[in-house]
Every structure is written in C-alpha cells, then in structure tokens.
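Colleague: Sharing a structure here in structure tokens format.
The values are calculated or read from the model by the stated rules, or taken from the named source; none is laboratory data. Fair warning: this is a prediction, and the values are worked out from it, not measured in the lab. Using ideal geometry, Cβ is built from the backbone for each residue, glycine included, and neighbour counts are taken over all protein chains shown.
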C-alpha cells in the first residue's frame, strides 16, 4: 500500500527547504517509484499567482492565503519519503480534495515558473 499517491500531502522538515513546508503529491508513483510534488507556500508579493488558496481552503498552517510554488516542483523517490516519515523528518497531512488536486494540476500546465523538465516528464 502506498501512502504517497496523487492527492496526498506531506509536511517535510528538511534543512534543504528551510522551515517545514507541505508538499502536495500530484502523481501516483512512476516506473522508477518517484512522485511529482509541488510546495505550498504563504502568498507574498513575489509569489507565483497561478494557483492561490484561500484561507482555510487547505486545512494546514496559518489562516492566510497560500500559493503553489511551481518553480520548486520536485520528483521525490517514494522510498526517500517513506524513510523521512519513519525518521520523523516528515509527516503525512490531510489529503487534497479532488477539486483542489485538479486545480493544482491545471496550474502546472500554465504556470510560467514550472521547470522545463516537468513538461518532458508528462509528455516524454
């Protein structure tokens, strides 16, 4: 059974990302057992405006507007994520609603901040 499937979310406590952030998993594991994920951040003046979350739209963090940081899109190995949870360096969060997952996926196709490799990942 996979915990990391499209629509799941994980809070990562890694020094690489600074303070902890929630990552939304956008795909089921691929043939290399990796998942595509995007980071939820607090909306600021410099934030990618493609997908904005209203306060309370996703049940995590402060009651402020959030945004998807498409420029930070990553492919995470499922084994690494599982190990991070096991070591208490990550924890599972409330999954995304199907509507929110659809919005985030739609945004990845139109945001000007998405790394080029993401398009190649979806359309090899």
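Colleague: Go through the range 78-95 and report how many residues are under 14 Å from the mean Cα position of the chain (by Cα) and part of a loop (DSSP other than H, G, I, E, B).
Modeller: So the answer is 2.
Colleague: Within the range 89-124, how many residues turn out to be touching a residue at least 24 places away in the same chain (Cβ under 8 Å) and more than 19 Å from residue 51 (Cα to Cα)?
Modeller: 6
Colleague: Sticking with this structure for a sec: Counting only residues that are assigned to a loop (DSSP other than H, G, I, E, B) and either at pLDDT 95 or above or touching a strand residue (DSSP E or B) at 6+ places or on another chain (Cβ under 7 Å) (or both), which one in the range 63-77 is surrounded by the most Cβ atoms within 10 Å (Cβ to Cβ)?
Modeller: 65
Colleague: For the range 4-13, does any single residue satisfy the condition of being free of Cβ contacts under 8 Å to residues at least 60 places away in the same chain and part of a loop (DSSP other than H, G, I, E, B)?
Modeller: Checked the range 4-13: at least one residue is free of Cβ contacts under 8 Å to residues at least 60 places away in the same chain and part of a loop (DSSP other than H, G, I, E, B).
Colleague: Separate question: Residues to consider are 119, 112, 107; find the one that is exposed (fewer than 14 other Cβ atoms within 10 Å of the Cβ), out of contact with any helix residue (DSSP H, G or I) (no Cβ under 7 Å at 6 or more places or on another chain) and assigned to a helix (DSSP H, G or I).
Modeller: 119
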